[in-house]
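Everything on this sheet refers to the single structure shown next.
The values are calculated or read from the model by the stated rules, or taken from the named source; none is laboratory data. From a predicted model like this one, the values you see are computed outputs, not experimental measurements. We place every Cβ from the backbone using ideal geometry, glycine too, and count neighbours over all the protein chains shown.
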Amino acid sequence: MERTIAIIKPDAVKGAHIGEIIAAIEAEGLAIEAMEFMRLSAAQARGFYSVHEGKHFFDRLIEYMTSGPIVALVLAGEEAIPRWRTLMGPTNPEQAAPETLRGRFGQSLTFNAVHGSDAPETAAYEMSYLFGGRHLNGLRA
Ligand code: IDP
Ligand code: MG
C-alpha cells in the first residue's frame, strides 16, 4: 500500500474538471483518503515546490499555482504513486496520450491540470505540507 498527493491545479478547477478528474481516480481504483479545496499563498506554493527553486520556470509556476483555488487529495492503493502518474501523463500535455488527464485537460507545459508526487519521500513531505496531520482523520475508527 502506497500513498500519493494529487492536486487538481487552478486551471482544471477553473475549467470545471474537478468531477471528471475525481471520476478518473475512482475508475482507476485508487482510494481517496483526504480531499480539501484550498488556496495556496505564494509562500506556501514556494515551500511546496522548493525543489524547483532557481529553475527558469519557478516564478511562473508559483504565479500559476496561486492564481486560483486547488483541490488537494491523498490517494492510496498498491503502487499509488506510479499509477497516479500514469493516469496524469507526462509533464508536457503536448506529449501526453489523449486518454491521460494531462492529454485531456492540460493546456501547456506550465498549465498542465494536475500534480502527483514522484516518490514515497516526496509524497510524505507533500502530505504533511498540505494537510498537516488532518489527512489521517478519516482513517481513525
Ligand atoms: P511534474 O509535475 O510532472 O512532476 P515537474 O518537473 O516536477 O513536473 O515540474 C513541476 C511543475 O512545474 C509542472 O507540473 C509544470 O506545471 C511546471 N513546469 C515544469 N517544467 C516546466 C518548464 O520547463 N516550463 C514551464 N513550466 C514547467
Ligand atoms: Mg514533480
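For the range 83-117, how many residues are touching a Ser or Thr at 6+ places or on another chain (Cβ under 9 Å) and either surrounded by fewer than 20 Cβ atoms within 10 Å (Cβ to Cβ) or of a type outside the set (A, V, I, L, M, F, W, C) (or both)?
Here the count works out to 15.
Residues that are more than 15 Å from ligand 2 (Cβ to nearest atom) and of a type in the set (S, T, N, Q): list the helices (runs of 4 or more DSSP H) wholly contained in the range 69-131 that include at least 3 such residues.
Those helices (runs of 4 or more DSSP H) do not exist here; none qualify.
I'm checking my understanding of the structure. Among residues of the range 30-43 that are touching a residue at least 40 places away in the same chain (Cβ under 8 Å) and out of contact with any His (no Cβ under 7 Å at 6 or more places or on another chain), which one is surrounded by the most Cβ atoms within 10 Å (Cβ to Cβ)?
Within the range 30-43, the match that is surrounded by the most Cβ atoms within 10 Å (Cβ to Cβ) is LEU30.
Which one of these is in contact (Cβ under 8 Å) with a residue 12 or more places away in the chain, farther than 24 Å from LEU136 by Cβ and touching a helix residue (DSSP H, G or I) at 6+ places or on another chain (Cβ under 6 Å): THR110, THR91?
Selected residue: THR110, the only one of THR110, THR91 that is in contact (Cβ under 8 Å) with a residue 12 or more places away in the chain, farther than 24 Å from LEU136 by Cβ and touching a helix residue (DSSP H, G or I) at 6+ places or on another chain (Cβ under 6 Å).
Looking for whichever is over 19 Å from ALA119 (Cα atoms) and within 12 Å of the chain's Cα centre (by Cα) here; the options are MET65, MET38. Which one fits?
Among MET65, MET38, only MET65 is over 19 Å from ALA119 (Cα atoms) and within 12 Å of the chain's Cα centre (by Cα).
Within the range 76-102, work out how many residues are of a type in the set (Lys, Arg) and on the phi > 0 side of the Ramachandran plot.
Qualifying residue count for the region: 0.
Would you tally the residues in the range 34-68 being closer than 24 Å to GLY19 by Cα, touching a Phe, Trp or Tyr at 6+ places or on another chain (Cβ under 9 Å) and more than 15 Å from ligand 2 (Cβ to nearest atom)?
Looking only at that region, the number is 3.
Could you check the range 1-12 and list, in sequence order, the residues that are surrounded by 19 or more Cβ atoms within 10 Å (Cβ to Cβ) and either within 15 Å of ligand 1 (Cβ to nearest atom) or outside any strand (DSSP E or B) (or both)?
Answer for the range 1-12, where residues must be surrounded by 19 or more Cβ atoms within 10 Å (Cβ to Cβ) and either within 15 Å of ligand 1 (Cβ to nearest atom) or outside any strand (DSSP E or B) (or both): THR4, ILE5, ALA6, ILE7, ILE8, LYS9, PRO10, ASP11, ALA12.
What pairs can you find where one residue is in the range 50-67 and modelled with pLDDT of 95 or more and outside any helix (DSSP H, G or I), the other is among the hydroxyl-bearing types (Ser, Thr, Tyr) and within 15 Å of ligand 2 (Cβ to nearest atom), and their Cβ atoms are less than 7 Å apart, with a gap of 6+ or different chains?
Listed pairs, sorted by first residue: PHE57/THR110.
Out of all the residues in the range 1-9, is one or more among the acidic types (Asp, Glu) and touching a residue at least 24 places away in the same chain (Cβ under 8 Å)?
Checked the range 1-9: at least one residue is among the acidic types (Asp, Glu) and touching a residue at least 24 places away in the same chain (Cβ under 8 Å).
Scan the range 103-122 for residues that are over 15 Å from GLU63 (Cα atoms) and within 12 Å of ligand 1 (Cβ to nearest atom) and report the count.
Residues meeting the conditions: 9.
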